[in-house]
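The values are calculated or read from the model by the stated rules, or taken from the named source; none is laboratory data. Remember, it's a predicted structure, so these values are computed and weren't measured experimentally. Every residue, glycine as well, gets a Cβ built from its backbone with ideal geometry; the counts of neighbours run over all protein chains shown. Note: accessible area is taken over every heavy atom of the protein model, side chains too, but ligands, DNA and RNA are not part of it. Shrake-Rupley method; radii C 1.70, N 1.55, O 1.52, S 1.80 Å.
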Amino acid sequence: MGCLDSSTFIITHFYEPCWDAGAKTDEVDNWAKKLGVELWHCGGYVTRRDEILESYKEATVDERNAATLVQDIAREIKNMTDLKISAVRRIMDAAENTAMSHQEEEVTKYEYYNVKRIKNPGEPLKEKEMEMLLTPNKHFNNIPVNTSYSAVHVPTNVYDEAPDILKAIKWSSNLDTIFTNNYEADPSLSWQYFGSSTGFMRQYPAMQWKYDPVDLYDCRTRSWFIEAATSPKDMLILVDDSGSMTGMRKEIARHVVNNILDTLGNNDFVNVFNFSDGIGEVMKCYKESQDTLVQANLLNIRELKQAMKELYTDKIANFSAVLTKAFEILQNYREERKGACCNQAIMLITDGVPYNYKEIFELYNWQNLPFMPVRVFTYLIGREVPDVREVKWMACENRGYYVHLSTLAEVREQVLQYIPVMARPMVLWRNEHPTIWTPVYADITDPKMTDWLWEEKESQEQKDRYMSFHTGKFRYVSDEEQDRKYIQKSLEDNENDLGRYQLMTSVSMPVFDRRENATKIANLLGVAGTDVPIQDIKKLLMPHRFQGILKPAYNSVDMSEVELMDDDREARDVNPKMILFREAVVNQSHGSTMLNVKYHYDNMRRVNTVKRTYHYIGIENTPFTLVVTIPESYGRSKVVAQLETHLMRSQGYSVTKYFQGKNWKIHPDWTYCYYHYDTEHQFDTPEQELYHFLERTQQPKWHWKSKRTVTPPEHVTQCDRDLFLSLVFDAKATEWFSKNFSSSSKEEKGQQFRQRFGITITFVATHSGLTRWQDMPGMEDNKKEPHFSMVHNRAIDEVWYQRAVEQHEFEPDCFVYSVPFDAASRNDTLVTASHAVFIKSSGRTAPAAVVGFQFQHSALLALFKNITYATCESDALGCYVLDNNAYIVVSKEIKDTGRFFGDIDGYVMENLVKEKIYKKIHMFDYQAVCFRGEPTKSQGSILMTPLNHLKWMLEWTLANALWMFAQTNLHHMWYGDGAYGSEHRDYDGLYVDSVNTNEDDEEGEESEGTAKPTDPPYEKMQINRTRPDACDAEMDLYKLVKYSQKDQSPYQNKQMACMRPYVVQAIPYSNMILLVVDLTCPRTAVPMSIFPIEVEYRNFSLACYKAHFFDLHRTRPLSCINNHTKESEIEHLCGGSSIIQLSLLLLFPSWALAYFVFSER
């Protein structure tokens, strides 16, 4: 929506009005014009927009060649990825050669740097701890590291003093030379590592690991290890839920399933069946998909784990039926070329089988011997089992592995034994090392931590509620209000939470045992790899060259869930144009397409529609496709304005003169110039780093490198020449901006505006990432909020910048105004105004900068009241100034500021939409989080042990003690004597005293604050326990329509009843409208809401719905190694009864790990 012409207005008037809207039309029109003109002239004076435009008179505008741009970026990304692949290949080669040379060595004792036992010099050392100097390194996110050494992580469930572990740790220490050489050759390398099949991981550079509350990390469950160690697979997990699988056996079986699921990735397909006399999917909705396998992404894995909690045991197991069904499903997937189209496996979890079912294997798996399409892995559960021969035979005769499990502590280690078995064909081929690129993931210890961290947040809130109760005041909030607050807070904190983690992809390769007798055991040594932070790829995308919208998400977000077509389709009903575009991208084609899309921004409060051109090209030797998005309105052209530093030096000038003072910042995420190694050069801010390079470019020996991807040792610096020189030009063009206003001939007029509007700051942000500002006199000492420069230093990525540029398309002469959404809760609300400065050259225009200012909202309100005289002070009228997304900028009710107008008057808002003043745009958020209430736990699912009884007794005793504590007013012993006044508020629930003080309850009824023995206060204080789940959300957002000149006669509504009439008038030179409503007529409709609500899919969960109806095209990995003729020669390596060899030091953490993963709160 653009700024509206001053003569554009709509009058809505009803047949039997409570007031004469027609008589008010001229008056409202006059108010709007006065307000718009005042603000426009004020903005022009204080921002000096004309002077900014004059400063860019030497700049030109060229057409942006998007096709060439996307090819250039793709070439640079390919160069970068080739360097990472080469580094991993060197680690792999060194690991195989080193292991072969140490094959006969026996190691019983060896000291090494353990990441959990590293201490800085001077810290007290405990047993087995070692000193190492760790220094914060900017390249590694300022984590203290030592780039001379690597360090080893050993999982909690692995005994780190076992001889085979020590032997592998010792020979892998020779990789340090390779690690350091790689880093010297390519200092853009991130973490390098070797993950052993025995469980340990050697990581470079060395660092200290901190874990809370327990170390869950195991490299063998990470996608970079799993996908490199095994080719993609279809997997059916069969869980025996007959009557004998009760108690601890069921818990172990559940733990086995969860650990198997943890080893699967996005290229795998899986389902879990439970069986006794009948067969069923643990996810009931999957049954309707006719025996489907689902992609093993995080969403589906999470759903399967949740479903495993509802496992019930009964009757007798029918193994013949379930094995037949499993083989038939996998056979169908092979014949139909569905799923992974590579490996297939059946994982049978039971406490015993009566027979080996040889006839089933002969029919389905032994038709083309020696090749067997399906591997069978068996997991025998229970300490005392009558016979293991049949279960073991099933695995051994079908190229699988057999495991006997009797405790929770041994489950993870034994489950992971299947990975080397499935890797055998790959190892036997020996010379083929697939290069694997993982999906995007977050660098967190373990995905399961998500639920635990959420529980910790809720526990803290529960604690706060108890404490507030004991101080005499407690806010009772309904469950619905809790949910609303949770969701709203999650939206507000979303960006902060994402900032805690770094998104990355990894490239890895398998490492094989190449000893002469290795073919008899086909031993997988491990996996070598390195991380590639997504931020490193974004640096190559040249964000300064085009403006786009990047919505952060996690892991398996489809592009059709981010790019939303501007149509009226229902949720997940993907437009055919988007499907064709998506298929071209997935297939790594090269081309372009144009789409009309809609998008929300500003924390999902605002919406816009735009026509974009998408240019795409595949990245060679990777599974990635680059897509560059260009807005049609302003993205087809670019400003060309550079100032060569050599020229300035030859003329006797220094470019540093344009970067004097402290009132400037550069985009903190963009790369202008940097050192590959930051050990010799430390900079506290990006500005310090830039200034250093400005001085270096003035030196005679300085020359620009021809390629951005050239790496040391040839060069030790990296610069983006175009961006750097554009920044220098912008600095020269805006040098005067931060100087005192006295240099302006309009100082007297500007001073009047500053005083009248309470202007606190003026600013300018340029396309090269430079931001300058000037604080107004008397406003510098306001320390209540962070300074503007601390929170608004990202230039073209700021919301006010983007809004100004987008609205320039409709009306060049206007400012875009906004107030904070929480303005009602502030005492010093500031209004932000911004205006885009476009350069015109050769018939083209492009944005060069955005100017703006902030001023006191109280001054705007005073101006509004002065213009409208006393008319709007009447209780009969409601006067509002709304922005282009229907948020209230000015209202006589201060508490309405920043709110969506539909919350105030839904009826009028509906009519504004009907009259096409505002357009309603239905939006979807396919990356939403919903908070599910935790279901009541079934007593039958809890194992009855003395510890459970003791736990329940303690909970009962504590609860009753709390009730007695509250009823007897004993809390004065801690908090002292005192009186507390009762507070009653109309928002966010009701404050009530913890003790009943109401003596007027009728008929002996007890008030809400009264506590009864049967309904103790601690039950009312219980928060609504939830669990975060992925879901889809929908909401209606609004944008102002650029409507054409209307007939100035009133619009006549044909309704007969007295309804609320109103007058609407565009405020010229702005993105706002003036709305005057007659409040004497009754409110006729409930408030409208822009709050997101969950999309309901016909009683399906999101995972089930996507499995049924959202089957989009995908390509399979190029590498598939699932067979080798020599595998049949491998004998006696198909498993056996587990022998637990644990020290006392390992036993306790193993129990703790099992309890943490499986405990139910």
Computed on Cα atoms only, the convex hull of the stretch 878-933 has an orientation-averaged projected area in nm² of 5.7
What is the local net charge at Val850, summed over the other residues whose Cβ is closer than 10 Å to its Cβ (Lys, Arg +1; Asp, Glu -1)?
+1
Computed from every Cα-Cα pair in the stretch 236-342, P(r) in 5 Å bins starting at 0 and rounded to whole percents is 2, 12, 23, 24, 21, 12, 4, 1, 0
Could you work out the local net charge near Thr313, counting Lys and Arg as +1, Asp and Glu as -1, over the other residues with Cβ closer than 13 Å to its Cβ?
-3
Loop-located GluC sites (Glu not before Pro) in the stretch 347-429, at most 14 other Cβ atoms within 10 Å (DSSP)
Glu384
Heavy-atom accessible surface of the stretch 558-634: percent carbon and sulfur, 1.4 Å:
44
Grab the beta carbon distance between Ser825 and Asp314, set R0 = 56 Å, and tell me the FRET efficiency rounded to 0.05.
0.50
For the stretch 839-917, state which GluC sites (Glu not before Pro) are in a DSSP loop and have at most 15 other beta carbons lying within 10 Å of their beta carbon.
Glu893
As a test of understanding, state the convex hull volume per residue of the stretch 166-238 from its alpha carbons, in Å³.
155
Candidates per trypsin sites (Lys or Arg not before Pro) in the stretch 191-246, loop by DSSP, up to 11 other Cβ within 10 Å
Lys210
For a 30 Å ceiling on Cα separation, which of these pairs sit above it: Lys78/Lys1106; Lys126/Lys170; Lys34/Lys662; Lys84/Lys167; Lys577/Lys1039?
Lys78/Lys1106; Lys34/Lys662
At 1.4 Å probe radius, can you tell me the per residue accessible area of the stretch 558-634 in Å²?
43
With a sphere of radius 9 Å drawn around the Cβ of Tyr1069, what net charge do the other residues whose Cβ falls strictly inside it have (Lys, Arg +1; Asp, Glu -1)?
-2
Net dipole in debye of the stretch 558-634 [+1 Lys, Arg Cβ; -1 Asp, Glu Cβ; about Cα centre; nearest 20]
200
Can you run the Rg to Rh ratio on the stretch 558-634? Use alpha carbon positions and the Kirkwood inverse-distance Rh.
0.99
Among Lys33/Lys865; Lys138/Lys539; Lys116/Lys538, the pairs whose Cα-Cα distance exceeds 24 Å are Lys116/Lys538
Under the classification rounded if a/c is under 1.5, otherwise prolate if a/b is larger than b/c and oblate if not, where does the stretch 26-121 fall, given a ≥ b ≥ c as square roots of the Cα gyration tensor eigenvalues?
prolate
